[in-house]
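In what follows, a single structure is set out as structure tokens and then discussed.
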Amino acid sequence: MSAPIRILLQTSIVPTENDWHIGRFSRLADLLAGERDRNGDPVFLVAARDRDPLGSADPVLSTLDTSPFDELWLFAVDTGEGLDDADRAGIDRFRRRGGGLMLTRDHMDLGCSICALPGVGAAHLFHTHNVDPGRPVAEPDDKGTPEILWPNFHSGLNGDFQEIEPSEPVHPILSGGRANSDIIRYLPAHPHEGAVASPAGDRSARVIATGTSKTTGNRFNVAVAFEASSHGGRAVAQSTFHHFADYNWDPASGAPDFVSEPPGSSILEHPTALAATHAYARNLALWLAGRLSPV
């Protein structure tokens, strides 16, 4: 019997009811916590928290390398001050000692406090931070919310699903899961996803899935995977935290009141899409811990 994989689900904001606090990722937490092995024992032990108040180092993130956690899933939902230098140093030491890291954000500059994280932070491109030199930052993709500038790829409404294109060779995260040999091709949609790319010169990283804007037809990267290397453990840079949010798995869960776009419903109307999303989350958790090998 393998020891359970210890996962920390963490946001970069203090507990704030009208925001993307950690309670808005409860379905992900419940999914992982409910996973059982053949003996009925838990596969994952899940802890979920928001950060402590700004102005000093977060006591968990800044010392993460000395914690029992095997993985950190960091939902960067701040506007630029979610992590301080001590937090980033603790996360970097955690990955260097072999910890797995899933790092995600959203449109424009939302979550840009992760930019200075060594390695994986460079995979996240923002409006004014880690700017993509090959694309004019003033060119928006999503036309429905003109106040949100690039990056904001429109993969669909919150509550709908999008079809993604796995890159070749197909990564094990997209292999379909233990009971499904099919390749994962669906994830939740979002009106303005962020931008991720493989950092130049990092041979451990590659794009593993892409999506298509429903407004412009532009292709965009959905996820970048980093193999374990001399820089540290496995990692994934994800284009938006909305792939994991309760609201995107079931819009009846509700969202902060600043979310202005009307929700869709297709992810609940097509069970295969939600099942693919669940398989993706489980595979991601297993792969980050080294329990899922190349197929």
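The values are calculated or read from the model by the stated rules, or taken from the named source; none is laboratory data. Note that the structure is a prediction, hence the values are computed from the model and not measured. Here Cβ is always computed from backbone atoms with ideal geometry, including for glycine, and neighbour counts include all displayed protein chains.
Give me the residue from the stretch 230-277 that is of a type outside the set (A, V, I, L, M, F, W, C) and assigned to a strand (DSSP E or B) and, out of that set, surrounded by the most Cβ atoms within 10 Å (Cβ to Cβ). Step by step, filter the stretch 230-277, then rank; the result is GLN238.
Restricting attention to the stretch 17-35, and to residues there that are outside any helix (DSSP H, G or I) and without any contact (Cβ under 8 Å) to a residue 12 or more places away in the chain, which single residue is farthest from LEU101 (Cα to Cα)?
Looking at the filtered set, the residue picked out is GLU17.
If only residues of the stretch 9-34 that are in contact with a Leu (Cβ under 9 Å, 6 or more places away or on another chain) and either among the polar types (S, T, N, Q) or over 15 Å from PHE241 (Cβ atoms) (or both) are counted, the one that is surrounded by the fewest Cβ atoms within 10 Å (Cβ to Cβ) is VAL14. Counting only strands (runs of 3 or more DSSP E) wholly contained in the stretch 36-143, the ones carrying 3 or more residues that are in contact (Cβ under 8 Å) with a residue 60 or more places away in the chain occupy 71-75, 100-104. Which of the following residues is modelled with pLDDT of 95 or more, within 28 Å of SER198 (Cβ to Cβ) and of a type in the set (Lys, Arg): ARG95, ARG49, ARG27? Answer to the check: ARG95.
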